[in-house]
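Asks: Here it is: the structure, laid out below.
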Amino acid sequence: MTHVAEPPVTSSGDRAGQEQVNHWINGARVAGTSGRQGPVFNPATGDVARHVDFASVEEVDAAVAAAKAASPGWRATSISKRTEIMFRIRNLVEQHREEIAAHLTREHGKVRSDALGEVARGLENIEFATGIPHLLKGGFSEQVSTGIDVYQIRQPLGVVAGITPFNFPAMVPMWMFANAIACGNTFILKPSEKDPSASVYMAELWKEAGLPDGVFNVVHGDKVAVDRILEHPDIAAVSFVGSTPIARYISETGTKHGKRVQALGGAKNHMVVLPDADIDMAADAAVSAAYGSAGERCMAISVVVAVGDVADPLVDAIEKRLPKIKIGPGHEEGSEMGPLITKEHRDKVASYLESGKHQGATLRVDGREHVLYNESTGFFLGVSLLDNVTPEMECYRNEIFGPVLEIVRAPDYPEALKIVNENEYGNGTAIFTRDGGAARQYQFDVNVGMVGLNVPIPVPVAYYSFGGWKASLFGDLHMYGPEGIQFYTRAKVVTARWPDPGTSSVDLGFPRTR
């Protein structure tokens, strides 16, 4: 087997000689002083590979103080200079994509091709942010009243923060910090404590790109750090991606403390397959979208809604493809699916197989029969397929977030649409059909934020915006793209008049524009 080279270590060693992932505050790695830390596992082996510092309230405050001190200078930095730095970080991320991907493989477990794909999609957002001179252009209306012009400008918020999930430790931070920093804000990142090293590595790239100290900071930790971010009076806005219960908590707590919040929650993404669909194409898409990254994607297809008589041939085609998927450590050449993030999460995912079968579903493929589930110390679970699932079952009602694909059978299009629209989540959905009219009707009818027409994972390109509906989003603005620019700035409207001397007079009437 060939192996991906280990990335450079970006952490210090603790007294036991094991790697320690530190914070990044004011342009330098800072060892934790709270005395608290958490384990970072190699999911392919089950071993603790390193430890990560957990921030105290005081350490979060230090990061905020650094960001606040850097804020006036960064806001005053010209747009052309900011753009220059954005181009530099774009080039550095591209040059070091292999190193970033290796961090993801060794701490998240995803295979190399998937890790590189994550970096590429994150890089798109940095590339979008290099267009900040155009994105921050305001509007101007001349002569709205005699001698009066009105124009609107967009200004940064100040100090903003991002709280990001374990499943995309590079891409989701790039969704947030690219636009935030380009717009003139300073940024504090609280990454997942399960795979934190990529964040510190990207902080070092920011410094190499010439970003002033204090503009980008990283604090690691748990609820202590999260709550301090949500409560801190100097943080103006918080972005979050994670589960729905936590997203709801982030939204309620952050807004209660006067912050602008966008909190993206969980998902239960449905792929509707109509009877006229190309069976092989739909089966390929379902397998790719369900099991990529071991199903640990917020846009993974977790439910196929098979309509009418397409069900039996479609499920047979899906099942036929599953033994061909190569499961193994992410760094091994040829591996297509790696382990799950932790043993606890792996076991929780596996429990839905038993509960689904107990509640009447047909377990056509059981991932617990895979050799790596039984004989490896890593957190592996084979691909699994549950047929004849109904919306009342526990496995359907919960976001499984693992390599489990469920088949729900619907007699016709209206029933399939009802199943999708009555689900509490509204993140992403797809429909597979050869009928353009049916596809257009579905995009019109479905109550979901991102829709794919013969595209199983409809993640928007960087110049659109990412976000779901219903319990998949708390807040009114989606992430990255144009709505990301809107989220990280606020509008100011200026009404201006430059009269000749001696032409003014007192007038207590309400101002008119005629």
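Asks: For the list (1) touching a helix residue (DSSP H, G or I) at 6+ places or on another chain (Cβ under 8 Å); (2) among the charged types (D, E, K, R); (3) closer than 13 Å to Leu405 by Cα, I need the number of the one condition that Asp280 fails.
Replies: Unmet condition: (3).
Residue-by-condition table, conditions (1) surrounded by 16 or more Cβ atoms within 10 Å (Cβ to Cβ); (2) modelled with pLDDT under 95; (3) not in a strand (DSSP E or B):
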position	(1), (2), (3)
Gly38	yes, no, no
Ala44	yes, no, yes
Val52	yes, no, no
Glu59	yes, no, yes
Trp74	yes, no, yes
Arg82	yes, no, yes
Phe87	no, no, yes
Val93	yes, no, yes
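Asks: Which one of these is at pLDDT 95 or above, in a helix (DSSP H, G or I), buried (at least 19 other Cβ atoms within 10 Å of the Cβ) and not aliphatic (A, V, I, L, M): Ser199, Ser192?
Replies: Details: Ser192 fails: in a helix (DSSP H, G or I).
After ruling out the rest, the residue left standing is Ser199.
Asks: Mind listing just one residue for me: the one in region 114-138 that is under 19 Å from the mean Cα position of the chain (by Cα) and in contact (Cβ under 8 Å) with a residue 60 or more places away in the chain and, of those, farthest from Pro156 (Cα to Cα)?
Replies: Residues of region 114-138 under 19 Å from the mean Cα position of the chain (by Cα): 114-129.
From the residues that got through so far, the ones that are in contact (Cβ under 8 Å) with a residue 60 or more places away in the chain too are 114-115, 121, 124-125, 127-128.
On the way: Asp114: 34, Ala115: 32, Arg121: 25, Glu124: 22, Asn125: 18, Glu127: 19, Phe128: 17 Å.
Taking the candidates together, the pick is Asp114.
Asks: Could I ask something else about it? Can you name the residue in region 354-380 that is hydrophobic (A, V, I, L, M, F, W, C) and assigned to a loop (DSSP other than H, G, I, E, B) and is also nearest to Lys320 (Cα to Cα) among such residues?
Replies: Quick first cut of region 354-380, residues hydrophobic (A, V, I, L, M, F, W, C) only: 361, 363, 365, 371-372, 379-380.
Keeping just the survivors that are assigned to a loop (DSSP other than H, G, I, E, B) gives 361, 379-380.
Working: Ala361: 19, Phe379: 25, Phe380: 21 Å.
So, considering only residues that are hydrophobic (A, V, I, L, M, F, W, C) and assigned to a loop (DSSP other than H, G, I, E, B), the one nearest to Lys320 (Cα to Cα) is Ala361.
Asks: Yes or no: Tyr413 touching a helix residue (DSSP H, G or I) at 6+ places or on another chain (Cβ under 9 Å), closer than 22 Å to Ala289 by Cβ, surrounded by fewer than 22 Cβ atoms within 10 Å (Cβ to Cβ) and in the same structural domain as Tyr442 (by TED's automatic domain parsing)? Before the answer, list the steps.
Replies: Numbers: touching a helix residue (DSSP H, G or I) at 6+ places or on another chain (Cβ under 9 Å): yes; closer than 22 Å to Ala289 by Cβ: yes; surrounded by fewer than 22 Cβ atoms within 10 Å (Cβ to Cβ): yes; in the same structural domain as Tyr442 (by TED's automatic domain parsing): yes.
Considered against the rule, which asks whether it is touching a helix residue (DSSP H, G or I) at 6+ places or on another chain (Cβ under 9 Å), closer than 22 Å to Ala289 by Cβ, surrounded by fewer than 22 Cβ atoms within 10 Å (Cβ to Cβ) and in the same structural domain as Tyr442 (by TED's automatic domain parsing), Tyr413 comes out as yes.
Asks: Now for a different question. Go over the candidates Ser243, Ser302 one by one and state the one that is touching a residue at least 24 places away in the same chain (Cβ under 8 Å) and over 17 Å from Leu405 (Cα atoms).
Replies: Values: Ser302 fails: over 17 Å from Leu405 (Cα atoms).
Answer to the check: Ser243.
Asks: Moving to a separate point now. Checking Phe401 against (1) on the phi > 0 side of the Ramachandran plot; (2) not basic (Lys, Arg); (3) not assigned by TED's automatic domain parsing to the domain that holds Lys357, which single condition isn't satisfied?
Replies: Unmet for Phe401, out of (1) on the phi > 0 side of the Ramachandran plot; (2) not basic (Lys, Arg); (3) not assigned by TED's automatic domain parsing to the domain that holds Lys357: (3).
Asks: Which pairs turn up if I take residues in region 314-325 that are under 15 Å from Asp387 (Cβ atoms) and look for partners that are part of a loop (DSSP other than H, G, I, E, B) and not basic (Lys, Arg) with beta carbon separation below 9 Å, at least 6 apart in sequence or on another chain?
Replies: As it stands, the answer is Leu314/Ala277; Leu322/Gly382; Leu322/Val383, since those pairs meet every condition given.
Asks: Conditions first: (1) in a helix (DSSP H, G or I); (2) farther than 30 Å from Glu336 by Cβ; (3) out of contact with any helix residue (DSSP H, G or I) (no Cβ under 8 Å at 6 or more places or on another chain). Val150 passes all but one, so which condition is the exception?
Replies: Failed condition: (1).
Asks: Given the residues Leu322, Leu381, which is the only one that is closer than 28 Å to Ala439 by Cβ, more than 21 Å from the chain's Cα centre (by Cα), hydrophobic (A, V, I, L, M, F, W, C) and in the same structural domain as Arg409 (by TED's automatic domain parsing)?
Replies: Numbers: Leu381 fails: closer than 28 Å to Ala439 by Cβ.
Every option except Leu322 fails the conditions.
Asks: Here is a follow-up. Would a scan of region 63-71 turn up a residue that is closer than 19 Å to Lys190 by Cβ and assigned to a loop (DSSP other than H, G, I, E, B)?
Replies: no
Asks: Does region 218-235 hold any residues that are outside any strand (DSSP E or B) and either crowded, with 21+ Cβ neighbours inside 10 Å or not charged (D, E, K, R) (or both), and which are they?
Replies: The first filter runs over region 218-235 and keeps only residues outside any strand (DSSP E or B), leaving 219-234.
Hits for region 218-235 are Val219, His220, Gly221, Val224, Ala225, Val226, Arg228, Ile229, Leu230, His232, Pro233.
Asks: Name the residues in region 494-514 that are more than 20 Å from Gly139 (Cβ to Cβ) and small (Gly, Ala, Ser), would you?
Replies: Correct list: Gly502, Ser504, Ser505, Gly509.
The values are calculated or read from the model by the stated rules, or taken from the named source; none is laboratory data. As the structure is a computational prediction, the values presented were derived from the model and not from experiment. Quick reminder, even Gly has a Cβ in these numbers, built from the backbone with ideal geometry, and neighbours come from all protein chains shown.
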